[in-house]
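So the structure is just underneath, and the comments pick up after that.
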Amino acid sequence: MSSILSGLQSFLASPGQKAFVEVTEAKGSTPREAGAWMLVRPDAIFGTIGGGQLEFLSIDKARELIAKNEATGALDIPLGPEIGQCCGGRVALSITLMDETKGAELLERAARQDARRPHVYLFGGGHVGHALAEALELLPLNVSVVETRADALAGLPETVTARLTAVPEEAVREAPEKSAFVVLTHDHALDFLIVAEALKRADAAYVGMIGSKTKRETFRRWYLKEAGGSDEDAARLACPIGGSELIDKRPAVIAALTSAEIMRALGQGSS
């Protein structure tokens, strides 16, 4: 996914006055949490505070401030019958016109958000690896594909990091904490080595390996006997990726279900 920072820089550099809309308080069931924000200009928006009537009202209010050149405004909106949005909670919004100081603050904030994005490492650039890279690229993640074959890295999305190395397990050791590792190389022996390295990372948010229940059991026996692993660590491995109930094994389908599995695991590890 392209960075928040780069998109924000482009939007701020575009012509026209802009207004900053932020959720300052969210009570009950609401589309977004406190701190969610968006930018509004007369002809475009950047970001979202959740969509629906809540967002439409905030856009109208922001454009009203721009038209009147009023520095600040606010909305306190009960969701439900009043605006036809059935969440049932209540949202308070602050709206301010952008200036250089606010723009600099927002750029710093976007840079911090980019830096906090979880890292996902895909080991293998085959059909499923490419499909998974394309699916994950749409999400707020830092995605890398690690390969031993140069030709397998061709055609990846521009925002996905391609890493060519003869020793892919080094990428596991160098990864930030709470990273996710998905192993789907062309070689089962290499799969096993990378997974064993990933399972050494007690801080890993997710470790997955493409394959069947039989491959998982073969790995478990090898892991316990040859790699000195434990049943407890072996149980952390997601294999097959995407869920054991998966019937349709087309790459795009595996990628969609695995992406959801990874995002659930990353969400459970977030604070």
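Coordinate-derived values only; no laboratory data. Predicted model, so just to flag it, every value in this text is computed and none were measured. Counting neighbours? That spans all protein chains shown, and the Cβs are built from the backbone with ideal geometry, glycine included.
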Qualifying GluC sites (Glu not before Pro) for region 227-271 [loop in DSSP, other Cβ within 10 Å: at most 10]: Glu245
Before rounding to the nearest 500, sum -39500 (n - 2.57) across all DSSP H runs of length at least 4 in the chain and divide by the residue total; then give [θ] at 222 nm in deg cm²/dmol. -12000 deg cm²/dmol
Hey, in the GNM for the chain with a 10 angstrom Cα cutoff, which one of Leu132, Leu39, Leu75 fluctuates hardest? Leu75
Separation between the Phe11 and Asp99 pseudo-spin-labels, each 7 Å from Cα along Cα→Cβ, expressed in nm? 2.1
Two-decimal Rg/Rh across region 112-200, once Rg and the Kirkwood Rh are taken from alpha-carbon atoms: 0.94
One finds the C-alpha centres of region 90-120 and region 14-69 to be spaced, in Å, by 13
Once the Cβ-Cβ distance between Glu245 and Leu224 is put in as r, and R0 is 30 Å, what FRET efficiency do you end up with, to the nearest 0.05? 0.70
Taking just the C-alpha trace of region 1-140, give me its Rg and Dmax in Å. 17.4, 56
Taking Cα atoms, the helix 251-268 axis meets the longest principal axis of the chain at an angle in degrees (rounded to 10) of 70
Would you mind computing the Rg to Rh ratio of region 119-268 from its alpha-carbon coordinates, Kirkwood style for Rh? 0.93
How would Asp233, Asp99, Asp191 line up from fewest to most surrounding beta-carbon atoms within 10 angstrom? Asp99, Asp233, Asp191
For helix 188-199, report the angle its Cα long axis makes with the longest principal axis of the Cα atoms of the chain; keep it between 0 and 90° and round to the nearest 10°. 60
Inter-probe distance in nm under a simple model that places probes 7 Å from Cα toward Cβ, at Ala256 and Thr24: 4.2
Add +1 for every Lys or Arg and -1 for every Asp or Glu among the other residues with Cβ under 13 Å from the Cβ of Val172, and state the total. -3
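Full-extension gain between Gln268 and Glu70, please, as 0.36 nm times their residue separation minus the C-alpha to C-alpha distance.
Once the chain is fully extended between Gln268 and Glu70, it gains 67.1 nm.
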With viscosity set to 1.002 mPa s and temperature to 20 °C, compute the Stokes-Einstein D of the chain, Rh being the Kirkwood radius across alpha carbon pairs; µm²/s, no decimals. 102
Along the charge dipole of the chain, which of Pro251, Tyr121, Ser6 sits closest to the positive end, that is, farthest toward it, with unit charges on the beta carbon of Lys, Arg, Asp and Glu (+1, +1, -1, -1)? Pro251
Can you tell me the orientation of helix 127-136 relative to the chain, as the angle in degrees between its alpha-carbon axis and the longest Cα principal axis, to the nearest 10? 20
Evaluate the distance, in nm, between pseudo-label points positioned 7 Å from the Cα of Arg173 and of Leu138 along their respective Cα→Cβ axes. 3.7
Straight-distance crosslink candidates among lysines, where the alpha carbon sits under 22 Å from Lys200 and sequence neighbours closer than 8 are dropped: Lys178, Lys213, Lys215, Lys225
With the charge dipole of region 119-268 built from beta-carbon charges (+1 for Lys and Arg, -1 for Asp and Glu) about the Cα centre, the Cα from Val160, Ala204, Ala189 projecting farthest to the positive end belongs to Ala189
